[in-house]
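The values are calculated or read from the model by the stated rules, or taken from the named source; none is laboratory data. Source: prediction; values computed, not measured. Reconstructed Cβ throughout: ideal geometry from the backbone, glycine too, with neighbour counts over all protein chains shown.
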Amino acid sequence: MSLFGTGLQRICAVVAASKAAEMAKLLRFALQETSTVELRLDWLSSDAERAQFLRWLRKSHPRNAAFLATCRRREGGGKLTGGVDRELYWLTQACEAGCQWCDLEVETLRKLPGQSVREYAVPRRVMLSMHDFERTPDLPRSVSPPAHGGVDAVKIAAEARTIRDSVRLLHLARNSKSFVAVPMGEAGLPARILALREGSALAYAPVASATAPGQVSLHDMKYLYRAHALTRRTQVYGVIGDPVGHSLSPLLHNTGFIARRIDAVYLPFLVHDLRDFLAAVPEFGLRGFSVTHPHKQAILKYLKECDPLAAEIGAVNTVVVRRNGSLYGGNTDCLGLLRALEKKLRIKGSRVLVFGAGGAARAAVFALARSGASVAICARREEAARQLARAFGAESLPRAALRTESFDAILNATPVGMHPHDGVSPLAPSELHCRLVMDMINRPRETQLLKIAARKGIATVPGIEMLIAQGVAQWQIWMGKRAPEARMRRAVLAALRAEENSRPR
């Protein structure tokens, strides 16, 4: 049963804005998606705006909804200036406007007489919250609302510096009642999505602006990740990388799960340290994961087995977690690359430059050489380029040679130009002497490199074509059935178009 009552939803929309009218607008939108809403009164820019919004709420109070009023002071990570009296005043006003719950920081409770809030006319139900925006502190085995103080639930929100940090908060959720676990930060994002499954009473999701690090939007929490529907039987997959926030793979794979009505979810894991992530694989119940920059080569030493193709390439982008917990590696990058390139280039007999020498470049060089192309490699790390060239019988070129050498195609296999740093190009216009340029970066769809190439009249292939092809192949490896490729493609392309249209022109 929900902490807020029978029938009310455990995804809690967070409504925060500087103006009362915008708060009201966001609240109306939130109530179309969930019946549980946190109202961040401290985000309103003045007392006048707070009073105006609460007057509106009192008159427009919707039925069958639960409102949690929060007016967090700066001391607790909020925006309200002033002392405890101001916070309590606005919480009492929220009670009069119809809010059934309030969020009270532990710093506030400690300053009250007898460390109890019951003498104040705040909302009847109280959530005691503790925030640590720097780290995940030492945690007890379980948490219960204190017998004194008039507290009904406890929330701990802590910055997860590592994936292991977020796992510790999930353990607390499993062992506690009337408890809300909020892993903050990008490393904590997967645990935030899985928190309801692990026993957290609520999962927070902003309607508009994020109010804490690592938050997932209300739309994505409900429709992309389906956090409210995940159980211990749900199959968990993901992508590991650093960075990983730009990845379109969660949209691609989750769209496939939804289309085929499969009880599975695909999550983005920010992984600085592979050992930290791999130790958490059993905790999350992972069945498989994609591997992206910079872990495609480093993951090899942790695999029990590897398919011959991936072993020959020396880079893995797909891992299956077997029932005994061992890892099996594969590589679908080759397939994705060839499918994307073959639409515009006859690969056999072509001269192709691969720019880069990392895991993505290894797969590209292998696929091209095996398909009959003459491959040249250039990279910022010249020794790495020479080693890669020797491994696959390719040619190594110094950067200066690009001003005079010509190719049928040039392929960027570096992360330079990836969102959000999409205003830079790994190559200059004077280095593009070719008929075709392909960028393995998939976000943005039209990178700065591709824009430069197009201005020179050079044909282009966006990296999104490779992402879709290799992702579909991964999905089919994990699911053992044909992927709904058309649906997956439409979802990814629509997201990219919406992102492009939202940018200032």
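Has region 169-176 got at least one residue that is over 28 Å from residue 250 (Cα atoms), outside the structural domain of residue 275 (by TED's automatic domain parsing) and not β-branched (Val, Ile, Thr)?
To start, the set of residues in region 169-176 that are over 28 Å from residue 250 (Cα atoms) comprises 175-176.
Next cut, outside the structural domain of residue 275 (by TED's automatic domain parsing) only: 175-176.
Now restrict to residues that are not β-branched (Val, Ile, Thr): 175-176.
Looking for residues that are over 28 Å from residue 250 (Cα atoms), outside the structural domain of residue 275 (by TED's automatic domain parsing) and not β-branched (Val, Ile, Thr), one finds at least one in region 169-176, hence yes.
Within region 150-173, restricting attention to residues that are at pLDDT 95 or above and in a loop (DSSP other than H, G, I, E, B), which residue is nearest to residue 12 (Cα to Cα)?
160
Pick from 295, 246: which is in contact (Cβ under 8 Å) with a residue 60 or more places away in the chain, out of contact with any Asp or Glu (no Cβ under 8 Å at 6 or more places or on another chain), farther than 17 Å from residue 166 by Cβ and not assigned by TED's automatic domain parsing to the domain that holds residue 463? Give the steps one after another, and end with the answer.
Details: 295 fails: out of contact with any Asp or Glu (no Cβ under 8 Å at 6 or more places or on another chain).
So the residue among 295, 246 that is in contact (Cβ under 8 Å) with a residue 60 or more places away in the chain, out of contact with any Asp or Glu (no Cβ under 8 Å at 6 or more places or on another chain), farther than 17 Å from residue 166 by Cβ and not assigned by TED's automatic domain parsing to the domain that holds residue 463 is 246.
Would you point out the residue of region 374-388, among those that are crowded, with 21+ Cβ neighbours inside 10 Å and in contact with a Leu (Cβ under 9 Å, 6 or more places away or on another chain), that is farthest from residue 434 (Cα to Cα)? Give the steps one after another, and end with the answer.
First, the residues of region 374-388 that are crowded, with 21+ Cβ neighbours inside 10 Å: 375-379, 385, 388.
Narrowing further to those that are in contact with a Leu (Cβ under 9 Å, 6 or more places away or on another chain): 375-379, 385.
Working: 375: 14, 376: 13, 377: 15, 378: 15, 379: 18, 385: 20 Å.
Filtering first and then ranking leaves 385.
Of everything in region 297-314, what is crowded, with 20+ Cβ neighbours inside 10 Å and farther than 19 Å from residue 326 by Cβ? Give them in sequence order. Explain how you work it out, then say what you get.
First, pick out the residues of region 297-314 that are crowded, with 20+ Cβ neighbours inside 10 Å: 299, 306, 310, 313.
Correct list: 313 only.
Of all residues in region 29-73, which are closer than 17 Å to residue 124 by Cα and touching a strand residue (DSSP E or B) at 6+ places or on another chain (Cβ under 6 Å)?
Result: 36, 37, 38, 39, 66, 67, 68, 69, 70, 71.
Counting residues that are more than 19 Å from residue 362 (Cα to Cα), which helices (runs of 4 or more DSSP H) fully inside region 221-333 reach at least 3?
Working: elements: 249-260, 274-284, 308-313.
Helices (runs of 4 or more DSSP H) meeting the threshold: 249-260, 274-284.
Which fully enclosed helices (runs of 4 or more DSSP H) of region 434-505 have 1 or more residues being of a type in the set (Lys, Arg) and outside the structural domain of residue 245 (by TED's automatic domain parsing)? So that I can check it myself, show each step before the final result.
Numbers: elements: 448-455, 463-479, 485-502.
In region 434-505, the matching helices (runs of 4 or more DSSP H) lie at 448-455, 485-502.
Right, residue 226: crowded, with 17+ Cβ neighbours inside 10 Å, of a type in the set (Lys, Arg) and at positive phi or not? Walk me through how you get there before you give the answer.
Details: crowded, with 17+ Cβ neighbours inside 10 Å: yes; of a type in the set (Lys, Arg): yes; at positive phi: yes.
When the stated conditions are applied, residue 226 passes them.
Out of everything in region 35-64 that is within 31 Å of the chain's Cα centre (by Cα) and in a helix (DSSP H, G or I), what residue ends up being surrounded by the most Cβ atoms within 10 Å (Cβ to Cβ)?
Within region 35-64, the subset within 31 Å of the chain's Cα centre (by Cα) is 35-45.
Still in the list and also in a helix (DSSP H, G or I): 41-43.
Numbers: 41: 28, 42: 23, 43: 24.
For region 35-64, the residue satisfying everything is 41.
In region 301-316, how many are charged (D, E, K, R), over 27 Å from the mean Cα position of the chain (by Cα) and over 8 Å from residue 330 (Cα atoms)? Give the steps one after another, and end with the answer.
Here is the first cut: in region 301-316, the residues charged (D, E, K, R) are 301, 304-305, 307, 312.
Narrowing the set further to residues that are over 27 Å from the mean Cα position of the chain (by Cα) leaves 304-305, 307, 312.
With over 8 Å from residue 330 (Cα atoms) added as a condition, the list becomes 304-305, 312.
Qualifying residue count for the region: 3.
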